[in-house]
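This report concerns only the one structure given below.
What follows draws every value from the coordinates through simple rules; no lab data is involved. Being a predicted model, the structure only gives us computed values, none of them experimental. As a convention, Cβ positions derive from the backbone with ideal geometry for all residues, glycine included, and neighbour counts pool all protein chains shown.
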Amino acid sequence: MTEAATTLETTPTGGPLGRPRHTNLAILALAIGGFAIGTTEFVTMGLLPEIARGVDISIPTAGHVVSAYALGVVVGAPLIATLAARVNRKTVLLALMVAFAAGNIGSSLATSYPVLMLARFVSGLPHGAFFGIGAVVAASLVQPHRRTWAVSMMLAGLTVANIVGVPLTTWIGQHVGWQWPYALVGLIALACVAATWAWIPHQPADHGASMAAELRSLKRLQVWLALLIGTVGFGGMFATYSFIAPTMTTLAGFSASAVPVILAVYGVGMTTGAFLSGRVAQRGILRGIVLSLAAIAVILGLFGFAAHSPWTAVPAVFLLGLVPTILVPMLQTRLMDVAHEGQSLAAALNHSTLNMANALGAWLGSLVLAAGYGYEWPSRVGVLLAVAGLGIALVSGLLDRRQRAALA
């Protein structure tokens with residue numbers, strides 16, 4: 001779809017409210033970017049043994065490669081979203097994908113551990129800002145009651161990556177070389193650039209936005225509580241999934257060749273969760289967040305036991321993908337609701353905090369393993385993080401209720 005073929009309305013605040021004739025294509029363009037990001041983020045976890053051998057480090061040390069990418073997201077998301085507050089959002093999305101392609105191609109060319117760490121950090125810089133700004137764009141293209149659906153469809157690219165992209169590139173990494181998945185991701189990112197250019201409607205700069213306006217959202221307690229839910233609540237999932245390949249081969253007894261299939265099962269769970277998220281949100285976003293966190297705590301509590309048998313390990317991996325993915329779009333919508341004038345920054349920070357959870361989880365998991373505990377223990381540490389996230393969500397809900405009572 002070209003810009004000329006797009007009809008746009010504007011919100012009362014002057015921001016774009018898209019009504020393109022081909023809204024689905026616009027969201028598909030964003031989903032292609034999500035597919036590329038999901039592939040590069042999660043394939044590393046499936047290739048930790050190959051990466052460790054390739055750059056001559058241990059598997060726990062290779063876990064820091066996951067953390068390097070996550071820290072890139074943490075730094076890049078707020079920085080880029082704030083600096084680009086008054087820039088045409090379509091232009092920002094194009095620039096982010098070009099930078100993302102360059103970072104992944106750089107990762108494919110890395111020949112040492114320090115260079116790989118730097119390349120993964122650079123690759124992570126555009127991640128959060130792309131999803132954050134993309135979520136605002138996606139939500140602007142549909143009616144207000146369909147915002148969570150639009151965001152979940154954009155994130156569906158990430159989940160589909162775990163069905164197709166991650167297993168396929170894991171197989172390629174195992175058989176051809178761990179560098180090749182990153183090169184392929186770079187090419188997919190360039191395809192996203194083309195799709196964004198063709199299908200995303202023109203997004204005029206919001207002249208009412210500013211760096212100060214974006215930063216004002218950080219004065220709101222509910223914004224910080226929502227960010228903490230993501231950081232703490234998701235840490236346990238990442239502590240478990242960061243070491244999914246050695247966990248499945250060591251505890252469940254699967255061969256290395258079965259790892260791509262197991263990753264596909266995780267991807268099916270993620271995709272199912274993305275499609276269920278909109279329905280769960282209709283019953284109340286904060287209620288859905290609380291129930292999802294409680295379910296995550298239960299799943300992580302049982303995961304270490306389930307991982308000892310292939311018959312229970314596979315369903316556990318499916319649930320590990322399913323329930324956290326139901327939570328992500330609801331957290332994204334919650335942040336945009338409580339941030340008011342700082343939606344771009346808040347939406348980007350959601351992915352920043354999720355990758356802080358990624359870094360935190362991978363780090364805690366590596367500490368547990370380095371201390372000599374088995375691969376069933378990272379998920380047990382994760383239970384504590386999920387319960388803490390649940391507590392924060394309950395506090396947020398209590399404050400909401402008190403605020404509504406005060407206004408009544």
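As an exercise, identify the trypsin sites (Lys or Arg not before Pro) in region 270-336 lying in DSSP coil whose Cβ has no more than 13 other Cβ atoms within 10 Å.
Passing both the DSSP loop test and the Cβ count: Arg283.
Which one, Ser292, Ser123, Ser396, has the greatest fluctuation when you compute a Gaussian network model over the chain with C-alpha springs under 10 angstrom? Fluctuation is largest for Ser396.
Length gain on complete extension for the stretch Ala198 to Leu109, per 0.36 nm per residue less the alpha carbon to alpha carbon distance? Don't jump to the answer; show the numbers that get you there.
Working: separation 89, 0.36 × 89 = 32.04 nm, distance 3.00 nm.
Result for the pair: 29.0 nm of gain on full extension.
Multiplying the residue separation of His340 and Ile59 by 0.36 nm and removing their Cα-Cα distance gives an extension gain of 96.8 nm.
Relative to the longest principal Cα axis of the chain, at what angle does helix 259-281 sit, 0 to 90 degrees, rounded to 10? It is inclined by approximately 30 degrees. Counting charges near Ile285 (Lys, Arg +1; Asp, Glu -1) among other residues having Cβ under 13 Å from its Cβ returns a value of +3. Note on the chain: GNM, Cα springs under 10 Å; of Val122, Val395, Val151, the largest mean-square fluctuation is that of Val395. I need the shape label for region 40-142. Rule: rounded when a/c is under 1.5, else prolate if a/b > b/c, else oblate, with a, b, c from the alpha carbon gyration tensor. It is prolate, given that a/c is not under 1.5 and a/b is the larger ratio. Once the Cβ-Cβ distance of Asn24 and Leu79 is raised to the sixth power relative to R0 = 35 Å, the FRET efficiency obtained is 0.65.
Loop-located trypsin sites (Lys or Arg not before Pro) in region 45-94 (DSSP state not H, G, I, E or B) with no more than 15 neighbouring Cβ atoms inside 10 Å: Arg86.
Between Gln403 and Leu221, the modelled label-to-label distance comes to 1.0 nm, taking each label 7 Å out from Cα in the direction of the beta carbon. The Cα atoms of the chain cover 58, 48, 33 Å along the three principal axes, with the biggest extent listed first. With a cut-off of 8 Å between alpha carbons and a minimum separation of six or more residues, what is the relative contact order of the chain in percent? Once normalised by length, the contact order is 26 percent.
In a Gaussian network model over the chain where Cα atoms closer than 10 Å are linked, find which of Val43, Val92, Val74 has the largest mean-square fluctuation. Per the Cα network of the chain with a 10 Å cutoff, Val92 tops the list. Taking each residue as 0.36 nm, the span from Gln143 to Thr250 lengthens on full extension beyond its C-alpha to C-alpha distance by 33.7 nm.
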